[in-house]
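Reviewing the structure listed below.
The values are calculated or read from the model by the stated rules, or taken from the named source; none is laboratory data. All of these numbers come straight from a predicted model, not from anything done at the bench. Neighbour counts are summed over all protein chains in view; Cβ atoms, including those assigned to glycine, are modelled from backbone coordinates with ideal geometry.
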Ligand code: AMP
């Protein structure tokens, strides 16, 4: 199964992708996580991407397309994948279609998580992650049961993304509306776009996604 999860930053793509990964045995490919790993490693890509990411803008299509092409060629993608954060421009969407067509593959579903802008700033500005196991938390919506201790692994160290500040979120939303939202008509034109309400409880979003994915023809 090959899926794209679309939606603005903070819509819940990462959370839902992790759940679908477990349920369907397919890999989550989060280009933001891949870029953050490059930044942490101080690689040539990381050096180019760091300032762009901190400003809430998009890293170049050329870098992202090459990165994604190499990633989906890896053996763990053979059973399928969930793209989280890619494509983010029409050029990336076109490149993805071309890449898949070369291997006689296609996307099985493109699903948009619909969320209001006002909710996004609140969601993103309060989020943090356990440094040890990666469990996601939120100051208001999902604090750890015991303050300072991860519910899942008992870890005590947490991180916040440098681009999760209110100012950078505003820039990321502008980038989404200007550069990423035009992907929606691109997929709608070929009848591939489906939408799910991303404003409801996380579990309800998962239920809606599973209802769509369980209906897809096998193969
Ligand atoms: P994310 O973790 O998906 O919110 O991505 C964090 C940041 O990484 C974005 O704000 C962009 O600067 C960069 N990024 C991630 N994926 C892409 C992409 N497909 N195209 C361009 N930039 C990206």
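Values computed for the structure shown
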| read-out | value |
| --- | --- |
| Single residue of 64, 83 found to be near the ligand (Cβ under 8 Å from one of its atoms) and either within 18 Å of the chain's Cα centre (by Cα) or over 18 Å from residue 3 (Cβ atoms) (or both) | 64 |
| Selection count, the stretch 25-47, where residues are more than 15 Å from the chain's Cα centre (by Cα) and buried (at least 16 other Cβ atoms within 10 Å of the Cβ) | 4 |
| Breaking point among (1) closer than 27 Å to residue 173 by Cα; (2) surrounded by fewer than 16 Cβ atoms within 10 Å (Cβ to Cβ); (3) without any contact (Cβ under 8 Å) to a residue 24 or more places away in the chain, for residue 102 | (1) |
| Scope the stretch 7-40; condition away from the ligand (no atom under 11 Å from the Cβ) and touching a residue at least 60 places away in the same chain (Cβ under 8 Å); matching residues | 12, 15, 16, 19, 20, 21, 23, 24 |
| Inter-residue pairs, beta-carbon under 6 Å, first without any contact (Cβ under 8 Å) to a residue 12 or more places away in the chain and in the stretch 41-63, second in a helix (DSSP H, G or I) and within 8 Å of the ligand (Cβ to nearest atom), 6+ apart | none |
| Answer from 166, 160 - the residue that is within 17 Å of the chain's Cα centre (by Cα) and either within 16 Å of the ligand (Cβ to nearest atom) or modelled with pLDDT of 95 or more (or both) | 160 |
| Qualifying positions in the stretch 67-80 - exposed (fewer than 15 other Cβ atoms within 10 Å of the Cβ) and within 16 Å of the ligand (Cβ to nearest atom) | 69, 70 |
